[in-house]
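Below: one structure in structure tokens.
Please treat every number below as a calculation from the coordinates, not as lab data. The structure displayed is predicted, hence computed values, not measured ones. Here the Cβ positions follow ideal geometry from the backbone for every residue, glycine too, while neighbour counts run over all protein chains shown.
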């Protein structure tokens with residue numbers, strides 16, 4: 001069994017407990033899996049624990065900042081009938097960009113994000129972009 005390094009050695013318990021995250025004065029309460037110390041309350045995260053909540057925290061920060069969330073980006077891309085690779089090639093960022101955006105690994109540039117907002121309202125313009133891209 002793993003011991004707590006923060007308080008000096010109590011056994012850690014694998015559990016999912018409520019955690020809070022504060023960003024710009026706004027607080028998110030969420031369920032965080034991890035190895036918890038019952039004595040001091042410290043949590044230790046393994047990669048799978050971090051992966052389980054990273055996109056949740058990423059989307060929370062995006063909402064606070066007025067940016068598109070991972071699900072917004074995925075929804076708009078699918079509405080436009082684009083694969084992740086096609087979206088990266090057509091709108092910028094390269095072939096793996098939309099995979100990173102939709103996993104919450106990074107934000108699209110403000111320009112790409114604004115372009116997505118416009119195309120969400122005017123999806124008919126994606127065909128014009130495809131035609132221009134094919135001609136280039």
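Once you have the alpha carbon radius of gyration of region 12-57, what is it after dividing by 2.2 N^0.38 Å, with N set to its residue count? Walk me through the intermediate numbers first.
Numbers: Rg = 10.9 Å, N = 46, 2.2 N^0.38 = 9.4 Å.
It is 1.16.
A further question on this structure: So if we plug the beta-carbon distance of residue 114 and residue 65 into 1/(1 + (r/R0)^6) with R0 = 22 Å, what FRET efficiency do we get, rounded to 0.05?
Efficiency at R0 = 22 Å is approximately 0.95.
May I pose another question? For helix 47-65, what angle does its Cα long axis make with the longest principal axis of the chain, in degrees from 0 to 90 and rounded to 10?
In the chain, helix 47-65 runs at an angle near 60 degrees to the longest axis.
Helix 110-121 sits at what angle to the longest principal axis of the chain, using alpha carbons and giving 0 to 90 degrees rounded to 10?
Approximately 70 degrees, to the nearest ten.
Could you tell me the distance between the Cα centroids of region 11-54 and region 67-126, to the nearest Å?
Their Cα centres are 30 Å away from one another.
For Rg and Dmax of the Cα atoms in Å, the choices are [x] 20.0, 66; [y] 17.9, 63; [z] 17.8, 54; which was calculated from the structure?
[x]
Which whole-number percent gives the relative contact order of region 1-69, counting Cα pairs below 8 Å spaced six or more residues apart?
Once divided by the residue count of region 1-69, the mean separation gives 25 percent.
Right, another one. Given labels modelled 7 Å from the Cα in the Cβ direction, how far is it in nm from residue 29 to residue 54?
2.7 nm
What value, in deg cm²/dmol to 500, does the helix sum -39500 (n - 2.57) over DSSP H runs of n ≥ 4 give at 222 nm once divided by the residues of the chain? It would help to have the intermediate numbers written out before the result.
On the way: 6 runs with 67 residues, N = 136.
It lands at -15000 deg cm²/dmol.
Let me ask something else. Normalising by the residue count of the chain, find the relative contact order in percent from Cα pairs under 8 Å and 6+ residues apart.
15 percent
Can I ask one more? Pop a pseudo-label 7 angstrom from the Cα along the beta-carbon direction at both residue 132 and residue 7 and give the gap in nm to one decimal.
Once both label points are built, they end up 6.0 nm from each other.
In what sequence, highest mean first, do 127-134, 66-73 appear when ranked by Cβ atoms within 10 angstrom?
For the peptides 127-134, 66-73, the packing ranking is 66-73, 127-134.
For a quick protection proxy, order the peptides 13-25, 99-111 by their average other-Cβ count within 10 Å, most packed first.
Order by mean packing, descending: 99-111, 13-25.
Further question on the same structure: Over all distinct Cα pairs, what is the inverse of the mean 1/r for region 70-135, reported as the Kirkwood hydrodynamic radius in Å? List each step's numbers first, then the result.
On the way: mean 1/r = 0.0859 Å⁻¹.
For region 70-135, the Kirkwood estimate is 11.6 Å.
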